[in-house]
Amino acid sequence: MAGRIDITQDIQPLTTFRNNSVEFIKQLKETKRPIVLTVNGKPEAVLQDPAEYQRLLDLAALADPDEGLRQGLEDIAEGRTRPAREVFAELREEYGIRG
């Protein structure tokens, strides 16, 4: 799990990020902490490690049934699901269950 934001390193102007993007990506991979990018001193965007972002989505799905349904429908639309009959048949065969 990522640590808390370090305001001395993790809040940066967008211009600084643009000029040093390779270093910031390296920092992101090492620390797993999000980087808040600012414009005129105000937060405008958050750069986050993909695995940490997915973890947050998973937590949101657990906390919010609507988010869980949204992710499930997205999985169906993207072809990331299998029919239950197929999965159960595979489990019966693997474990020698007669059904």
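The values are calculated or read from the model by the stated rules, or taken from the named source; none is laboratory data. Everything quoted here is computed from the prediction, not taken from an experiment. Here the Cβ is made from the backbone with ideal geometry for all residues, glycine too, and neighbour counts use every protein chain on show.
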Of (1) modelled with pLDDT under 95; (2) touching a helix residue (DSSP H, G or I) at 6+ places or on another chain (Cβ under 6 Å), Arg33 satisfies all except one. Which? (2)
Ala61: passes all of (1) part of a strand (DSSP E or B); (2) in contact with an Asp or Glu (Cβ under 7 Å, 6 or more places away or on another chain); (3) of a type in the set (Gly, Ala, Ser) but (1)
Out of (1) touching a strand residue (DSSP E or B) at 6+ places or on another chain (Cβ under 7 Å); (2) of a type outside the set (D, E, K, R); (3) loosely packed, with under 10 Cβ neighbours inside 10 Å, what's the single condition that is false for Gly96? (1)
Please pick out the residue among Ile7, Ile11, Ile25, Ile35 that is more than 21 Å from the chain's Cα centre (by Cα) and of a type in the set (Val, Ile, Thr). Ile7
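Taking the range 64-99 as the search range and keeping residues that are of a type in the set (Lys, Arg) and part of a helix (DSSP H, G or I), which one is nearest to Pro34 (Cα to Cα)?
Looking only at the range 64-99, we keep the residues that are of a type in the set (Lys, Arg), and these are 70, 80, 82, 85, 92, 98.
With part of a helix (DSSP H, G or I) added as a condition, the list becomes 70, 85, 92.
On the way: Arg70: 24, Arg85: 41, Arg92: 44 Å.
Only one residue tops the list, namely Arg70.
Name the single residue that is farthest from Gln12 (Cα to Cα) among those in the range 28-47 being among the polar types (S, T, N, Q) and buried (at least 16 other Cβ atoms within 10 Å of the Cβ). Can you show your working first?
Of the range 28-47, the ones among the polar types (S, T, N, Q) are 31, 38, 40.
Checking which are buried (at least 16 other Cβ atoms within 10 Å of the Cβ) leaves us with 31, 38.
On the way: Thr31: 15, Thr38: 6 Å.
Restricting to residues being among the polar types (S, T, N, Q) and buried (at least 16 other Cβ atoms within 10 Å of the Cβ), the top hit is Thr31.
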